[in-house]
């Protein structure tokens, strides 16, 4: 995917230290240092792509939303608070764009669990289990998918951001517009539901009997 750097059209980029963090780079980019865009993009784009790919079927849509996200970040860079975290801001923009995209297109464009149960079950299982449990979870894909579908949208969103995307509870709370406590409760309930699905699966019961 080609990097879209709007600032490059406005003049020469200043030299940016290679050791700069994404948060520091965004602060400097917001203040007009064009070269800082490279650091922000390289740090944030892969995280956004991983998040969006779990929800959108077409790679082209993922790329489009990533580009739109950075364009919006560029246009609103003057509102970025120096010292703040860039990742929650980027995720919030991308999530809003993704929701708008899905609403405007057919629901088939979204990765429906009912059409891709085994793939999604394996992803979710890998977050909460390892080794033999993962194998058992794959064999019980329908059970995992059912548990995931029965969660509220709020629980799914919190679980994915924290467990799958590796964001902190504070970052997820910022993206979802809720409190840290709220995120912890939602993610924990989702985790317990998936663990229960793993524990109750026939494969897991068989393994437990063998160990006795």
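The values are calculated or read from the model by the stated rules, or taken from the named source; none is laboratory data. None of these values were measured; they are calculated from a predicted model. Cβ placement follows ideal geometry from the backbone for every residue including glycine, while neighbour counts extend to all protein chains displayed.
Listed by position, the helices (runs of 4 or more DSSP H) enclosed by segment 110-182 that each have at least 2 residues that are modelled with pLDDT of 85 or more are 153-159, 169-176. Determine, yes or no, whether residue 104 is at pLDDT 60 or above and loosely packed, with under 14 Cβ neighbours inside 10 Å. Judged against the criteria, residue 104 is a match.
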